[in-house]
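S.K.: Below you will find the structure I want to go over with you.
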Amino acid sequence: MYLVHESADGRRAVLATDVETADSLAGKTRGLMFRESLPEGYALVFRFDRSLVERVAGRLPHPFSGLATLARRRSIHMLFVRVPLDVVWLDDGEVVQVRRLRPWRDTAAAPADTVVELPAGAADDVEPGDRVTFEQSLAGGVVRDWRSRRRHRRRSDGRGSGRRRNRETRDHAAGGRASGERTGRGRSGRGQGSAGPRRHPSL
């Protein structure tokens with residue numbers, strides 16, 4: 001199973017290729033606690049059915065109908081979780097909230113019917129309003145490697161080429177300054193002894 005992210009502009013990319021579901025109460029309670037690390041492309045998915053409280057509260061008149069939304073809040077804690085996580089809350093496939101949670105200390109909640117836990121950094125491009133779907137196979141036009149999504153995004157908006165040009169300009173300027181300094185030292189007769197540690201121009 002693949003976890004596929006579709007952004008608001010229609011671009012589709014794989015979030016995870018190793019998708020595990022926590023269906024039992026024990027699995028949902030344990031989650032990712034005590035794990036030392038998570039492999040790239042991994043996701044743990046929690047699915048929630050509508051509870052009796054949600055169904056009953058949804059039939060109540062305003063303002064009591066808001067209790068249904070409160071009952072649908074799915075809380076995630078990081079107690080005994082040893083690695084940072086990206087957590088995505090979904091409601092009927094639409095992203096409601098995305099949070100980066102720190103080990104041991106953070107908690108967060110949002111109304112959702114599905115919660116996805118990913119290695120930190122995997123959901124950098126996911127935003128509320130996007131869609132995340134579960135697919136058995138990949139159709140055309142999907143960026144398959146989640147690590148290449150950032151490269152794909154930079155190429156599509158031109159940021160990658162701009163950064164490369166800026167870095168080349170800085171390198172050329174730094175090289176010119178270093179050449180001038182070496183020429184000046186040679187003409188004045190200074191710097192022919194021990195030059196000490198060399199400084200590399202920061203990129």
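The values are calculated or read from the model by the stated rules, or taken from the named source; none is laboratory data. Computed from a predicted model, the values in this text were never measured in an experiment. Here Cβ is always computed from backbone atoms with ideal geometry, including for glycine, and neighbour counts include all displayed protein chains.
S.K.: So which of V19, V14, V4 is surrounded by fewer than 18 Cβ atoms within 10 Å (Cβ to Cβ), under 16 Å from the mean Cα position of the chain (by Cα), in contact (Cβ under 8 Å) with a residue 12 or more places away in the chain and outside any loop (DSSP other than H, G, I, E, B)?
M.R.: V19 is the lone residue from the list that is surrounded by fewer than 18 Cβ atoms within 10 Å (Cβ to Cβ), under 16 Å from the mean Cα position of the chain (by Cα), in contact (Cβ under 8 Å) with a residue 12 or more places away in the chain and outside any loop (DSSP other than H, G, I, E, B).
S.K.: Out of the residues in region 73-84 meeting the condition of being assigned to a loop (DSSP other than H, G, I, E, B) and free of Cβ contacts under 8 Å to residues at least 40 places away in the same chain, tell me which one is farthest from the chain's Cα centre (by Cα).
M.R.: The selected residue is M78.
S.K.: While we're on this one: When you scan region 72-124, how many residues do you find that are touching a Leu at 6+ places or on another chain (Cβ under 9 Å), hydrophobic (A, V, I, L, M, F, W, C) and more than 26 Å from E36 (Cα to Cα)?
M.R.: Matching residues across region 72-124 total 2.
Per-residue answers, yes or no, for (1) of a type in the set (A, V, I, L, M, F, W, C); (2) outside any strand (DSSP E or B); (3) in contact with an Asp or Glu (Cβ under 9 Å, 6 or more places away or on another chain):
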{"position": "D86", "(1), (2), (3)": "no, no, yes"}
{"position": "V95", "(1), (2), (3)": "yes, no, yes"}
{"position": "V98", "(1), (2), (3)": "yes, no, yes"}
{"position": "R105", "(1), (2), (3)": "no, yes, no"}
{"position": "A109", "(1), (2), (3)": "yes, no, no"}
{"position": "V116", "(1), (2), (3)": "yes, no, yes"}
{"position": "V132", "(1), (2), (3)": "yes, no, yes"}
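S.K.: Also, I was wondering about something else. Check whether at least one residue in region 138-148 is outside any loop (DSSP other than H, G, I, E, B), among the basic types (K, R), modelled with pLDDT under 95 and within 30 Å of V45 (Cα to Cα), and report yes or no.
M.R.: yes
S.K.: Check whether at least one residue in region 51-58 is touching a helix residue (DSSP H, G or I) at 6+ places or on another chain (Cβ under 6 Å), β-branched (V, I, T) and modelled with pLDDT under 85, and report yes or no.
M.R.: Within region 51-58 (the criterion being touching a helix residue (DSSP H, G or I) at 6+ places or on another chain (Cβ under 6 Å), β-branched (V, I, T) and modelled with pLDDT under 85), the answer is yes, since at least one residue qualifies.
S.K.: Taking only pairs six or more apart or across chains, which ones have beta-carbon atoms under 7 Å, a first residue in region 27-42 that is closer than 16 Å to L79 by Cα and in contact (Cβ under 8 Å) with a residue 12 or more places away in the chain, and a second residue that is of a type in the set (G, A, S) and surrounded by 10 or more Cβ atoms within 10 Å (Cβ to Cβ)?
M.R.: Cβ pairs passing all conditions: K28/A22; G31/A22.
S.K.: Something else about it: If I filter region 130-139 for residues that are farther than 21 Å from V14 by Cα and among the hydrophobic types (A, V, I, L, M, F, W, C), do I get at least one hit?
M.R.: Checked against the condition, which is being farther than 21 Å from V14 by Cα and among the hydrophobic types (A, V, I, L, M, F, W, C), region 130-139 yields no hits at all.
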